Amino acid sequence: MAGISFLKGHGTQNDFVLLPDADGALDLTEVRVAALCDRRRGLGADGVLRVVRAEAIGLSSEGEWFMDYRNADGSIAEMCGNGVRVFARYLVEAGLVTDREFVMGSRAGDRPVRVHDDLSVTVHMGPATVTGSSVTTVAGTPFSGIAVDVGNPHLVSTVDEDVSSLDLRDQPGFDRDFFPHGVNLEFVNVLGEGALRMRVHERGVGETRACGTGTVAAVAATLHLAGADSGTSTVDIPGGRVSVTVERGASTLTGPAEIVARGELDEHWWAGLG
């Protein structure tokens, strides 16, 4: 029985299983995604990126290729900034695009990308929109935050204590009426002008080493608090460093993308997951 091709990659240690599936033939169930992402039961990852043609799954996109992103628990997500970078690098290296600047589709809309000579990637992330304020609770301590939409929901809390001291092993509390579909929670230290440090607890995943949309949300929130509507900042996360620019109605994220391994999933294992 032939296996199912996969790749493993990461963007600032936010790691993904990529499944090349140009014609949309794979039955990608929640159970299969969750098993793939389990670090004991499967390959281990923060999420799955299915590489599929937009038209194969009945979606409209300016670009040929669509990033079908799933969280580690199997749920569908709108967008993943680190995932886009890994996805874009794969398309270039696999010869599925002929230019290093192109458009790819996502559930948050089309995303123009540029793959640089060093294989880092700049992603046009679209608008980062402040939508209000709310509160999250970590180990009984409340933190106020700025809600930001980057194609998916975020709540950014700027804190005085070193973010490394926070216990993010358990799901922090949040207002489920304000965020009925869950929320990504960012905790940020302002290190100086144009420099942030961040940790993140991602919806459907838990704490991750990085979150691309979260870094954009963090910069947008800190600019909002400073009374500015545009600016550029580095963001240090546990997995590395990215650069973010936020302007009125637009944002970009630049950072590394790595392909770690290629292989095949055993088809008997896959079929047994149903």
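For the chain, the solvent-accessible area of protein heavy atoms averages 43 Å² per residue (probe radius 1.4 Å; ligands and nucleic acids excluded). Only the Cβ atoms of Lys and Arg (+1) and of Asp and Glu (-1) were treated as charged; on that basis the dipole of the chain about its Cα centre amounts to roughly 240 debye. Taking Cβ atoms as reference points and 13 Å as the exclusive limit, the residues near G132 contribute a net charge of -3, counting Lys and Arg as +1 and Asp and Glu as -1. Distance between the modelled labels on L225 and A25, one decimal in nanometres: 5.1 nm (7 Å Cα→Cβ projection). In the list (i) 46, 40, 40; (ii) 56, 40, 31; (iii) 52, 40, 33, the label attached to Cα extents along the principal axes in Å as derived from the coordinates here is (ii). Cα centroid separation, the stretch 91-165 to the stretch 239-266: 9 Å.
Relative to the current alpha-carbon distance between S164 and A195, full extension at 0.36 nm per residue lengthens the span by 9.6 nm. For the stretch 1-152, the residue among P127, I146, G105 whose Cα projects farthest onto the positive side of the dipole built from Cβ charges is I146. Summarising the overall dimensions of the stretch 159-274 from its C-alpha atoms, the Rg and Dmax are 17.2, 57 angstrom. Annotation: the antiparallel percentage among DSSP beta bridges lying fully within the stretch 1-69 is about 65.
Shape summary: the stretch 1-158 maps onto an equivalent ellipsoid whose semi-axes, from the alpha-carbon gyration tensor, are 27, 21, 15 Å in decreasing order. Considering only the Cα atoms of the stretch 211-274, their convex hull presents on average a projected area of 7.0 nm².
Around the Cα centre of the stretch 85-187, unit charges on the Cβ atoms of Lys, Arg, Asp and Glu (plus for the first two, minus for the last two) sum to a dipole of about 400 debye. Rounded to the nearest 10 degrees, the angle from helix 81-93 to the longest Cα principal axis of the chain is 40 degrees. Each Lys and Arg contributes +1 and each Asp and Glu -1, all at the Cβ; summed about the Cα centre of the stretch 53-144, the dipole is approximately 240 debye.
Under the classification rounded if a/c is under 1.5, otherwise prolate if a/b is larger than b/c and oblate if not, where does the stretch 78-178 fall, given a ≥ b ≥ c as square roots of the Cα gyration tensor eigenvalues? It is prolate, given that a/c is not under 1.5 and a/b is the larger ratio.
Within the stretch 39-67, which residues have the backbone N less than 12 Å from the label spot 7 Å out from V103 along Cα→beta-carbon, could you tell me? Residues passing the 12 Å test: 60-65. For the stretch 43-112, the alpha-carbon radius of gyration amounts to 1.05 times the rule-of-thumb value 2.2 N^0.38 Å expected for a compact globular protein. Evaluating kT/(6 pi eta Rh) at 25 °C and 0.890 mPa s, with the Kirkwood radius of the stretch 10-54 over Cα pairs in the Stokes-Einstein relation, gives 224 µm² s⁻¹.
Label zone (D117, point 7 Å along Cα-to-C-beta; backbone nitrogen cut-off 12 Å) within the stretch 230-253: none.
Figure note: T254, T136 ranked by solvent-accessible area, largest first, 1.4 Å probe, ligands and nucleic acids not counted: T254, T136. Annotation note: GluC sites (Glu not before Pro) in the stretch 148-210 located in DSSP loop regions with a Cβ neighbour count of at most 15 within 10 Å are E161, E193. Just the protein heavy atoms count here, and of the accessible area of the stretch 1-145 at 1.4 Å, carbon and sulfur take up 46 percent.
Helices in the chain, meaning DSSP H runs of at least 4 residues, each add -39500 (n - 2.57). Divided by all residues, the mean residue ellipticity at 222 nm is -4500 deg cm²/dmol. Label-to-label distance, R176 versus R41, with points set 7 angstrom from Cα along the beta-carbon direction: 2.3 nm.
The values are calculated or read from the model by the stated rules, or taken from the named source; none is laboratory data. Model, not experiment: these values are computed from the prediction. Virtual Cβ from ideal backbone geometry, glycine too; neighbours counted across all protein chains shown. These accessible areas exclude ligands, DNA and RNA; they are computed on the full protein's heavy atoms, side chains included. Shrake-Rupley method; radii C 1.70, N 1.55, O 1.52, S 1.80 Å.
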